[in-house]
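The structure under discussion appears below in the form of structure tokens.
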Amino acid sequence: MTTAAAAAAAVARGAGVRAAAVAALWGGGGGTAAGRRPRSGPARPLCTAPGTAPDMKRYLWERYQEAKRSTDELVPSIMSNLLNPDAIFSNNEMSLSDIEIYGFDYDYTLVFYSKHLHTLIFNAARDLLINEHRYPVEIRKYEYDPNFAIRGLHYDVQRAVLMKIDAFHYIQLGTVYRGHSVVPDEEVIEMYEGSHVPLEQMSDFYGKSSHGHTMKQFMDIFSLPEMTLLSCVNEHFLKNNIDYEPVHLYKDVKDSIRDVHIKGIMYRAIEADIEKYICYAEQTRAVLAKLADHGKKMFLITNSPSSFVDKGMRYIVGKDWRDLFDVVIVQAEKPNFFNDKRRPFRKVNEKGVLLWDKIHKLQKGQIYKQDLTLKHGWRTGAIIPELRSELKIMNTEQYIQTMTWLQTLTGLLEQMQVHRDAESQLVLEEWKKERKEMREMTKSFFNAQFGSLFRTDQNPTYFLRRLSRFADIYMASLSCLLNYDVNHTFYPRRTPLQHELPAWSDRATTSRAPLLQEAQAK
């Protein structure tokens, strides 16, 4: 069983009651008439002498302790079924035997960068704000904090607040920040007239922020310094009572981050000290060699310039790296690369100079610039570096203990809410308070401000919604492919709907994701 299913079982064993039937609100049969006691109501609390009221407080706390004991007994079995951080996870069924051509991005796919890169981007963009946009020189005191933001956050451009939103457009309260300070829940609810962000205020499904959308979602890893810089400058203006226009601030920070790339500041710094900024990954070559040995065609598509890519690939793969690729495309200007028919390919020579030759076909060993219109049904694999660290946290006993009890307590609350007397309600309020505190603790396991990249309290994040929509498979790094045969078929787990029994998917071992002990056994 998974944690969720096991917790539900613990509730059933520990609570010692059957859930009350709910009065029917719509037609369809099978409901209980409103106002009539259901046939299968809650179990009678305690045996009491005739004419005396049951001790509800004692009864509820006994059920609580029983559920606690059941949870403690359950944790060891869950600990023996930990997920493998080096596994590949699937959203759609996909067989690698059907894949004849592999295309790779460069940044954070073939090459991973050290923690120093985000500091470099932050500092360079901060200096551009001061030197070119005439921002106060005092903002130079702010330094990059790698533990502040996570990917997938939304930024309200007009209100200058950064927040986490779930897949259903609901704001996760407690994750709304103005500068470095959390915005109180009451203020958030007043700002948005609730915690739901209307569709017309959201960026579109592809993350674009045009047509007057006030929300910008930061999906790219390179956006972490941008979010942090926005928060730092907002913090400075707010603390010093400086009147400013949030829309201008957003645009200036965005332009400064862009210029760090466009003006070559980042590229020159990395090339000058490649060992500081690039994490050497010998498995990158192993993955490419494995695919090449099995006759797979490969191409590289990147927005980065030719000389920059060449130096990085020489460092992590070797001087012969181009022999592994059938086509290399640089300065692609993705995402427009995939749908702009107006710009034909241009060949690039060894010095990065564009040639005027007309391109009739793409030749192995050559480097090209500009666009290609995709007319094929590409399957997509996403590299999510944060996945490995989050899975390692989820494999800890503290996290498993906390999450199992949190779900058990939630089930206990759901079943015991039928007791409406004052004494019972006081106990239930204590449980709700404990549940709220545990949710905050669960969030802090991952990131103190915003929690997990993939979940809000109970729902998937908007980030995960987009990942599920566009990626057939996802993994922590390219090296995960080494754990699978080139003919392996990925089967997504059947995620139970709210009206389905979780046991339908959890008991089927063939649909389970790779477990840690299975990988270690190999």
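Entry remark, region 90-118: residues being assigned to a loop (DSSP other than H, G, I, E, B) and either of a type in the set (Asp, Glu) or in contact (Cβ under 8 Å) with a residue 40 or more places away in the chain (or both) number 11 in total.
In region 400-423, the residue that is nearest to LEU83 (Cα to Cα) out of those that are in contact with a Ser or Thr (Cβ under 8 Å, 6 or more places away or on another chain) and of a type outside the set (Ser, Thr, Tyr) is ILE400. Among the residues of region 68-81, just one is part of a loop (DSSP other than H, G, I, E, B) and over 20 Å from PRO492 (Cβ atoms), namely SER80. Does ARG388 meet the test of being out of contact with any Pro (no Cβ under 8 Å at 6 or more places or on another chain) and open to solvent by 40 Å² or more (accessible area, probe 1.4 Å)? Taking the combined requirement at face value, the residue does not satisfy it. Look at region 68-89: where a residue is closer than 24 Å to LEU412 by Cβ and a partner is open to solvent by 60 Å² or more (accessible area, probe 1.4 Å) and acidic (Asp, Glu), sitting 6+ places away or on another chain with Cβ atoms under 8 Å, you get VAL75/GLU397; MET79/GLU397. Residues in region 96-113 that are open to solvent by 20 Å² or more (accessible area, probe 1.4 Å) and more than 13 Å from SER477 (Cα to Cα): SER97, ASP98, ILE99, GLU100, ILE101, TYR102, GLY103. Tell me yes or no: at least one residue of region 422-433 is part of a loop (DSSP other than H, G, I, E, B), farther than 30 Å from PRO305 by Cα, open to solvent by 20 Å² or more (accessible area, probe 1.4 Å) and at pLDDT below 95. No: region 422-433 contains no residue that is part of a loop (DSSP other than H, G, I, E, B), farther than 30 Å from PRO305 by Cα, open to solvent by 20 Å² or more (accessible area, probe 1.4 Å) and at pLDDT below 95. Could you please let me know if GLU414 is in a helix (DSSP H, G or I), touching a residue at least 24 places away in the same chain (Cβ under 8 Å), open to solvent by 50 Å² or more (accessible area, probe 1.4 Å) and closer than 22 Å to LEU162 by Cβ? Criteria not met by GLU414. Of everything in region 165-183, what is part of a strand (DSSP E or B) and of a type in the set (A, V, I, L, M)? Give them in sequence order. ILE165, ILE171, VAL182, listed by residue number. Restricting region 33-67 to residues that are under 15 Å from GLN415 (Cβ atoms) and in a loop (DSSP other than H, G, I, E, B), the residue that is modelled with the highest pLDDT is PRO45.
No other residue among THR510, THR442 is at pLDDT below 95, within 30 Å of GLN417 (Cβ to Cβ), of a type in the set (Val, Ile, Thr) and out of contact with any Pro (no Cβ under 9 Å at 6 or more places or on another chain) apart from THR442.
If we scan region 167-174, do we find a residue that is among the hydrophobic types (A, V, I, L, M, F, W, C), free of Cβ contacts under 8 Å to residues at least 24 places away in the same chain and surrounded by fewer than 15 Cβ atoms within 10 Å (Cβ to Cβ)? The answer is no, given that none of the residues of region 167-174 is among the hydrophobic types (A, V, I, L, M, F, W, C), free of Cβ contacts under 8 Å to residues at least 24 places away in the same chain and surrounded by fewer than 15 Cβ atoms within 10 Å (Cβ to Cβ). All of (1) surrounded by fewer than 20 Cβ atoms within 10 Å (Cβ to Cβ); (2) under 29 Å from the mean Cα position of the chain (by Cα); (3) modelled with pLDDT under 95 hold for ASP323 with one exception: (2). Taking LYS358, is it among the basic types (Lys, Arg), in a loop (DSSP other than H, G, I, E, B) and modelled with pLDDT under 50? Against the criterion (among the basic types (Lys, Arg), in a loop (DSSP other than H, G, I, E, B) and modelled with pLDDT under 50), LYS358 qualifies.
Across region 184-197, which residue is surrounded by the fewest Cβ atoms within 10 Å (Cβ to Cβ) among those that are touching a residue at least 12 places away in the same chain (Cβ under 8 Å) and assigned to a loop (DSSP other than H, G, I, E, B)? My answer is SER195. If you check LEU453 against the conditions, is it assigned to a helix (DSSP H, G or I) and in contact (Cβ under 8 Å) with a residue 60 or more places away in the chain? Considered against the rule, which asks whether it is assigned to a helix (DSSP H, G or I) and in contact (Cβ under 8 Å) with a residue 60 or more places away in the chain, LEU453 comes out as no.
Can you tell me which residues in region 61-88 are of a type in the set (Asp, Glu), over 28 Å from the mean Cα position of the chain (by Cα) and either closer than 23 Å to CYS480 by Cβ or open to solvent by 60 Å² or more (accessible area, probe 1.4 Å) (or both)? Listed by number, the residues that qualify are GLU62, ASP72, GLU73. For the condition within 23 Å of SER223 (Cβ to Cβ) and modelled with pLDDT under 95, ILE257 does not qualify.
Scanning region 124-159 for residues that are assigned to a loop (DSSP other than H, G, I, E, B) and among the aromatic types (Phe, Trp, Tyr) returns TYR135, TYR142, TYR144, PHE148.
The values are calculated or read from the model by the stated rules, or taken from the named source; none is laboratory data. None of these values were measured; they are calculated from a predicted model. Please note: Cβ atoms are built from the backbone with ideal geometry, for glycine as well, and neighbour counts cover all protein chains shown. Side chains included, ligands, DNA and RNA excluded: accessible areas come from the protein's heavy atoms. Shrake-Rupley method; radii C 1.70, N 1.55, O 1.52, S 1.80 Å.
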